[in-house]
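This report concerns only the one structure given below.
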Amino acid sequence: MTSGATTTQTIGFEIARYLPGEDRAPTLRHYDVPYRPEWVVLDALNYLKDEVDGTLSFRWSCRMGVCGSCGAMVNGVPRLMCAAFLRDYLPGPIRVEPLANFPIERDLVIVLDDFMQKLRAVKPWIIPGDRPPPADAEYRQTPAQLADFKQYSMCINCLLCYSACPVYQHEEEFLGPAVLALAQRYDHDSRDRGNSQRHELTWSDEGIWDCTFVGECSAVCPKHVDPAGAIQQAKVESTMDWYRSVLWPFGRR
Amino acid sequence: MRRSPEPVFWSLFSAGGVVLALIAPALILATGFLVPAERVEFDRLSAILTQPLARIAVVGLAFLTFVHAAHRLRHTLVDVGLRAYGGPIATVSYLAALALTAWAALVAFG
Amino acid sequence: MASPYPRRRSRRWFIERWAYQRFVLRELSGVVLAAYMVLLLLLVSSVHAGGQAFADHVTTLRSPLMIAVHVILVLFALLHTVTWFQAVPKGLPLRRGEEKVPPALMIGANYVAMAGATVIIVAALVA
């Protein structure tokens, strides 16, 4: 243990509190938490909830970066609280606020409705089309076909990318990074035949064309999905399709 | 399916982006530093710029550059807070790019 | 039932984080290059107007102000080049079978092409 860590007995937290019906706006409240180098922000919040204030509200489940439910703004940057170690924020204080760009239900709990509705809209499931299923009822994929979409399938819907996206902040209609990356995931799946159903939405002005490639969605993504790259690729594909349909108007492919 | 017109603008923007990324630093080096240092002779420059292909290349480069800039300016203005005026901003930006390209054609073939 | 606190928007979002400031600078680089294009066309115009007009233009270009302007122009042009090449493997990722072609390799190939273009341009102009 470094000397800096041993001399720090506690670490300060500034946590956004909001109780609907009581508070007019979220306010930051100060807490002191025992410092443990192996603790993450989520551990500190659970300590506070157990030992100091049981009304502190936040979502969490797996504690290991898989469930995607503990996203929050940590010192102004969207992070999974289970992956944000206290030792990286010395000497503190650590400011914890609900994910930006979403309405606040209470304390650190945000309203997910907008995202859920957009997610459903792009049909994030395999659409088999009218092909008969394989005779042995098993779709085979080569490793290369899997590699074509695997990266996008790693998304855990944690919404950090939406919090990092200034376009989504100002254009509520924008489908947003994760939804567009997931649409790309199914577009590129060799088993799927639903492209044309999705493109009506994803290739529209509220889809990929609202994105100006700020790139912060990819910078904050804990699963290296790279939504910004997915959207850029979709722009290339949509553009090639546009020129194909103009230069070859007699039926597509 | 309601098609967005963005592929047209985006592809021109991208073409301009590629060309500028490859040659803009060299061009600025040449015309901003080598020309004032008198390392570029008038006769040579004149011989190049009066070639028909060079005239066309100047107009093409100007077109791609101005459309590229118009596209970026349009989206940046929208992003930094003028979203409500997105339509008029796009129209004015691209029309300005076309007007500047017309001027470039006058210069190149002058 | 009390309603949630509405989502907040910042009018100053683009100066609130370095990543966003970098984005705006990147986008402005395109606009700056259009300004350079105007200067370039003025140079072309002076060449077509004859030797005396060109000589006058060269005198203008030699002023400290114009040198400073071109220093700024070159910095923005390089910002454009660097950020553009970084974006290439994002938009056009290549794969050989399962293996992704390393982005650094694609970016490097772009710099090689740029170096080649630079040599050709300078060689064509400098006697």
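The values are calculated or read from the model by the stated rules, or taken from the named source; none is laboratory data. Since we're looking at a predicted model, the values are computed, not measured. Positions of Cβ are generated from backbone atoms using ideal geometry, with glycine treated the same way; all protein chains shown enter the neighbour counts. With ligands, DNA and RNA removed, areas are computed over all heavy atoms of the protein, side chains included. Shrake-Rupley method; radii C 1.70, N 1.55, O 1.52, S 1.80 Å.
Note on chain A: GNM, Cα springs under 10 Å; of A:16, A:83, A:25, the largest mean-square fluctuation is that of A:25. Farthest toward the dipole's positive end in chain C, which of C:119, C:84, C:13, given Cβ charges of +1 (Lys, Arg) and -1 (Asp, Glu) about the Cα centre? The residue sitting most towards the positive pole is C:13.
Among the helices of chain A, those built from whole DSSP H runs whose Cα atoms reach 27 Å or more along their own axis and whose mean Kyte-Doolittle hydropathy is at least -1.0 are A:227-247.
Close amide-amide hydrogen proximity is noted between residue A:107 and A:18, A:19, each under 5 Å apart and 5 or more residues distant or on a separate chain (H modeled in the peptide plane; Pro and chain starts excluded).
Normalised radius of gyration for segment A:68-125, please: alpha carbon Rg relative to 2.2 N^0.38 Å, two decimal places. Normalised by 2.2 N^0.38 Å, the Cα Rg of segment A:68-125 equals 1.36. Net length available on complete extension from residue A:85 to residue A:66 is 5.2 nm, with 0.36 nm assigned per residue and the Cα-Cα distance removed.
Put simply, the amide H of residue A:39, placed in the peptide plane, has neighbours under 5 Å in A:86, leaving out anything fewer than 5 places away on its chain. Debye-formula intensities of segment A:3-110, expressed as log10 I(q)/I(0) at q = 0.12 Å⁻¹, are -0.37 (one equal scatterer per alpha-carbon, no solvent). Along its principal axes, segment A:113-247 has C-alpha extents of 49, 39, 27 angstrom, given from the largest down.
Using only the Cα atoms, work out Rg/Rh for the protein assembly as shown, with Rh taken as the Kirkwood radius, to two decimals.
1.04
Amide H contacts of residue A:67 (H built 1.01 Å from N, in plane; Pro and chain starts excluded): A:62 sit under 5 Å, all sequence-distant by 5 or more or on other chains. Other residues lying with their Cβ under 10 Å from the Cβ of residue A:215 contribute a combined charge of +1, Lys and Arg counting +1, Asp and Glu -1. Largest mean-square fluctuation among C:73, C:43, C:92, in a Gaussian network model of chain C whose springs join Cα atoms under 10 Å apart, belongs to C:92. Pull up the cross-link candidates among the lysines for residue C:100, meaning alpha carbon to alpha carbon under 17 Å and not fewer than 8 places away within one chain. Result set, ordered by chain and number: A:150, C:90. Association of chains B and C removes close to 4500 square angstrom of accessible area from solvent, both sides included, for a probe radius of 1.4 Å. Based on C-alpha pairs under 8 angstrom that are at least 6 apart in sequence, chain C has a relative contact order of 18 percent.
Between 0 and 90 degrees, the angle of helix C:103-125 with respect to the longest Cα principal axis of chain C falls at about 20 degrees.
Going from the alpha-carbon gyration tensor of segment B:14-110, what semi-axes, largest first and in whole Å, does one get by taking the root of 5 times each eigenvalue?
31, 16, 10
Ordering B:56, B:90, B:36 by Cα displacement along the dipole of chain B toward the positive end leaves B:90 in first place; charges were set at the Cβ atoms of Lys, Arg (+1) and Asp, Glu (-1). Think of each Lys and Arg Cβ as +1 and each Asp and Glu Cβ as -1; about the Cα centre, that makes the dipole of the protein assembly as shown roughly 540 debye. Its relative contact order, with pairs defined as Cα atoms under 8 Å and 6+ residues apart, puts chain A at 16 percent.
Within the straight-line cut-off of under 18 Å between alpha carbons, none of the lysines are reachable from residue A:49, sequence neighbours fewer than 8 places apart in one chain being disregarded.
Relative contact order (percent) for segment A:3-110, with alpha-carbon contacts under 8 angstrom and 6 or more residues of separation? It comes to 33 percent, rounded to a whole number. The angle between the Cα long axis of helix C:64-91 and the longest principal axis of the Cα atoms of chain C comes to about 40 degrees, rounded to the nearest 10.
Which angle between 0 and 90 degrees, to the nearest 10, do you get for helix C:51-61 versus the longest principal axis of chain C when only C-alpha atoms count? The two axes meet at around 40 degrees. Projecting the Cα positions of A:75, A:65, A:44 onto the charge dipole of segment A:3-110 (unit charges on Cβ atoms of Lys, Arg, Asp and Glu, taken about the Cα centre) puts A:65 furthest along the positive direction. Long hydrophobic helices in chain B: the complete DSSP H runs spanning 24 Å or more by Cα along their own axis with mean Kyte-Doolittle hydropathy of at least -1.0 are B:6-29, B:52-77, B:86-108. Evaluated at q = 0.13, 0.15, 0.16 Å⁻¹, the base-10 log of the normalised Debye intensity for chain A, with identical point scatterers placed on the Cα atoms, takes the values -0.87, -1.05, -1.14. For chain C, the average shadow cast by the Cα convex hull is 14.9 nm², which is a quarter of the hull's surface. Counting only protein heavy atoms and using a 1.4 Å probe, the accessible area of residue B:72 comes to about 10 Å².
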